[in-house]
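Notes follow the structure.
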Amino acid sequence: MVVDWEGEEIAPPSAEEIEKASQIIKQAFARAEAMPPRSAEEIWDSFEGTIERISHQL
């Protein structure tokens, strides 16, 4: 399957790309599960701080 997006052909990901993405996701889940529990407020504060920090790059 090839998707035509604004005149550009976009090929589906290769098996190697899918495997790499799967590994990245597994690593992220493992890191998240290893972190100590945090309240929703702490998570949102961290998220908002990250947005402020990178907003000038967007």
Problem set entry | Residue-averaged [θ]222 nm for the chain, counting only DSSP H segments that reach four residues, each worth -39500 (n - 2.57) | -20500 deg cm²/dmol
Problem set entry | Global size of the chain as Cα Rg and Dmax, reported in angstrom | 17.6, 47
Problem set entry | Assigned charges on the beta-carbon of Lys, Arg, Asp, Glu; the chain dipole about Cα centre (debye) | 400 debye
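Every number here is computed from the coordinates shown, using simple stated rules; none is lab data. The structure displayed is predicted, hence computed values, not measured ones. As a convention, Cβ positions derive from the backbone with ideal geometry for all residues, glycine included, and neighbour counts pool all protein chains shown.
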